[in-house]
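Heads up: the structure comes next, in structure tokens.
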Amino acid sequence: MELLLRFLLLCGVADFTRGLSITTPEQMIEKAKGETAYLPCKFTLGPEDQGPLDIEWLLSPADNQKVDQVIILYSGDKIYDDYYQDLKGRVHFTSNDLKSGDASINVTNLQLSDIGTYQCKVKKAPGVGNKKIQLTVLVKPSGIRCYVDGSEEIGNDFKLKCEPKEGSLPLRYEWQKLSDSQKLPTSWLPEMTSPVISVKNASAEYSGTYTCTVRNRVGSDQCLLRLDVVPPSNRAGTIAGAVIGTLLALVLIALIVFCCHKKRREEKYEKEVHHDIREDVPPPKSRTSTARSYIGSNHSSLGSMSPSNMEGYSKTQYNQVPSEDLERAPQSPTLPPTKFKYTYETDGTTVV
């Protein structure tokens with residue numbers, strides 16, 4: 001009995017004096033993208049641990065393509081948190097007094113690149129300890145879109161679809177009917193947990209409001225769908241209307257093209273005629289210039305007459321100014337000056 005007590009005492013002393021120990025167990029943590037992950041690391045020190053306290057957190061990326069990265073360090077009573085660029089400004093110690101035995105950290109605004117194994121190392125010579133934590137970042141379902149693929153008419157086949165914009169697998173789907181009798185067709189039941197419901201030979205009873213909820217391990221989202229099953233439309237009338245509308249559009253286009261072409265031809269013709277007139281037909285002389293030239297020539301002829309014969313010259317000559325009709329007549333070749341015949345007496349002799 002005495003030997004047994006001595007053995008237990010020795011074991012207790014050995015356990016008490018074994019030094020630094022990390023009390024947080026290794027674990028796996030799942031968090032959603034954008035959230036904050038708390039990574040615990042608590043430790044105890046032994047009486048013989050008298051060296052300086054050093055705390056180091058390392059990250060082993062999930063792709064195994066990168067070597068372990070130091071993301072935050074405490075040494076010499078100072079904190080260094082700018083070792084890893086991808087986590088710069090997003091990793092912090094949770095305690096203001098690390099010597100109290102709490103080396104836990106927070107990683108804020110989680111990204112998919114933060115997935116990996118995080119290792120906490122605590123050293124206070126001669127004691128050393130470390131623990132690992134596996135962090136997984138998932139994406140919540142979001143941007144859920146519900147819609148009908150097909151024509152919502154009685155007797156038709158169509159599909160109800162539920163599609164999330166993003167969300168980490170595995171995803172779980174759940175359809176529910178919110179309006180009317182809330183009773184779902186029996187043929188739909190096998191597909192109420194799938195993203196697509198195939199509707200066969202639709203009836204008006206299927207009309208109503210439906211909801212689709214998408215879930216995964218870190219969150220959920222949902223969308224609403226209003227289904228209105230209506231009688232078939234007059235397809236023949238719709239087709240005829242479409243054909244007539246197409247023909248009218250073609251006629252209108254042809255008329256516009258014809259008018260444009262006609263206008264261009266008229267403009268071209270006017271330009272050609274105007275060009276021919278300017279080059280081939282000289283401009284007519286004005287009435288004033290013609291009259292002046294005619295009177296000037298007569299004045300020059302009269303200047304050679306003697307005063308005694310002025311009365312003999314018929315005044316009708318002044319009435320022979322070219323009329324407007326003559327002025328508009330085509331230009332004739334230049335004629336020789338008109339010669340006037342007149343007589344006068346001198347010393348009893350008549351001279352012609």
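The values are calculated or read from the model by the stated rules, or taken from the named source; none is laboratory data. None of these values were measured; they are calculated from a predicted model. Using ideal geometry, Cβ is built from the backbone for each residue, glycine included, and neighbour counts are taken over all protein chains shown. Quick note on the areas: whole protein, heavy atoms, side chains included, nothing else; ligands and nucleic acids left out. Shrake-Rupley method; radii C 1.70, N 1.55, O 1.52, S 1.80 Å.
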Only one of these conditions is not met by residue 115: (1) open to solvent by 20 Å² or more (accessible area, probe 1.4 Å); (2) farther than 30 Å from residue 54 by Cβ; (3) of a type in the set (Val, Ile, Thr). Which number is it? (2)
Subset of the range 152-185 that is aromatic (Phe, Trp, Tyr) and open to solvent by less than 30 Å² (accessible area, probe 1.4 Å) - its residue that is nearest to the chain's Cα centre (by Cα): 158
Restricting the search to the range 103-126, which residues are out of contact with any Ser or Thr (no Cβ under 7 Å at 6 or more places or on another chain) and either among the aromatic types (Phe, Trp, Tyr) or without any contact (Cβ under 8 Å) to a residue 60 or more places away in the chain (or both)? 113, 118
Given the conditions (1) assigned to a loop (DSSP other than H, G, I, E, B); (2) without any contact (Cβ under 8 Å) to a residue 40 or more places away in the chain, and given that residue 243 satisfies all but one, which numbered condition is not satisfied? (1)
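Residues are listed down the side, and each one gets a yes or a no for (1) in contact with a helix residue (DSSP H, G or I) (Cβ under 7 Å, 6 or more places away or on another chain); (2) surrounded by 19 or more Cβ atoms within 10 Å (Cβ to Cβ); (3) touching a residue at least 12 places away in the same chain (Cβ under 8 Å); (4) among the small types (Gly, Ala, Ser):
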site: 101; (1), (2), (3), (4): no, no, yes, yes
site: 128; (1), (2), (3), (4): no, no, yes, no
site: 133; (1), (2), (3), (4): no, yes, yes, no
site: 137; (1), (2), (3), (4): yes, yes, yes, no
State whether one or more residues within the range 71-79 are of a type outside the set (Val, Ile, Thr), buried (at least 16 other Cβ atoms within 10 Å of the Cβ) and without any contact (Cβ under 8 Å) to a residue 40 or more places away in the chain. yes
Taking into account only those residues within the range 58-107 that are aromatic (Phe, Trp, Tyr) and closer than 25 Å to residue 136 by Cβ, which is modelled with the lowest pLDDT? 83
